[in-house]
1. Just to be sure I understand the model, the point goes 7 Å from the Cα along the line to the Cβ. What's the resulting E271 to D231 distance in nm?
2. Determine which residues of the stretch 197-225 fall in the zone a paramagnetic label at F288 would reach in this model, i.e. backbone nitrogen under 19 Å from the point 7 Å along Cα→Cβ.
3. What is the spin-label model distance, in nm, from E14 to S143 if the labels are put 7 Å beyond Cα along the C-beta direction?
4. Past 22 Å, Cα to Cα, is the threshold; run K157/K269; K46/K122; K203/K248; K45/K286; K175/K269; K120/K235 against it and keep the listed order.
5. I want to check the label-to-label distance for D180 and K157. Put each point 7 Å from Cα in the C-beta direction and report it in nm to one decimal.
Amino acid sequence: MSKSIKSPLLTKNEVIHNRGIVLIKIPRTGSQSFLRTIVCSCVNKKVENYHRYRLEEVFDQTMSLKLWSDLHNRPEMKGVLRWDKMRKAGHNLLLDSPTAWDVGGQLFRERQLEIIGDKKYKILMSHWPWSYKPDIYRRIMVSDNPVTITLLREPAKRVLSLYFYNFRRDADLTKANLDDFEAYLDFYDSNYYARWLSYPSTKIDFSTAKKNLEEKITLVGITERFNDFVDLCHKKINLGQYYSHVNKIDSPFTLDDLPERVKKKLYKKTEEDYELYQIARKRFEKDFNS
């Protein structure tokens, strides 16, 4: 295994240095691939093994194993995390309710701030960024008005991709099957996108998520137009045009293989996600063509 490279940000990008960037990482939307674009921009060259770079002014809370283990071990999370029933479907961390998301998010932020201390970051990559408040940005970022970026993906495909990703991580992907996926949907939380995008509401709130997508988040992309989104970010904030493949998983079945009853259950679970996805598509098309 290659050693990590500690490096300062070499980029001359004024937006990164003066405002900072917050990447709202929604799982299985291509956000990890977009992270590669950001890292390449920071070091001013195309790098394949971008995980080697531990950039001094970049904080990726989703890659911090210390943060995750601390969260798992906190007594406040007992009875909140489900491990057993969903283990075979790969849910290492499954929060039981919207309240649990609040508890987990709050504990996660508290521990994250302890680790960060007084340091200032120019790039933050996080699964809970829209639970941050401006005073938190002032504390950990170079600016209290950073550029915020996120990507959304066609919801049904994202759910199926998440299932395969989790299954591959904890089990043999060849054993994934339609019956197991149907059982997975029984535990899958609906309104997934709204959970990530409802700040400053303390609850999952569709109207707030909609407003954030339309007005608040600086740059909104869609996974299906990944390279075009890289071009948009180059045009708007001079981010480097470093293209990357979106990570794909060889899946044993597709949406077309699902029985009709499973499709209905899946689309029912993602009704509001589709509304937010369409809003994101319109926002992206408007920005891209302007």
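Read-outs throughout are calculated quantities, based only on the coordinates presented, and are distinct from any laboratory measurement. What you see is a predicted model, and the numbers here were worked out from it, not measured in a lab. Here the Cβ positions follow ideal geometry from the backbone for every residue, glycine too, while neighbour counts run over all protein chains shown.
1. Spacing of the two 7 Å Cα→Cβ label points: 3.7 nm.
2. What the label zone holds, given the 19 Å backbone N cut-off, is 213-215, 217-225.
3. Going by the 7 Å Cα→Cβ label model, 1.0 nm.
4. Cα-Cα > 22 Å for K203/K248; K45/K286; K175/K269; K120/K235; rest within.
5. 2.4
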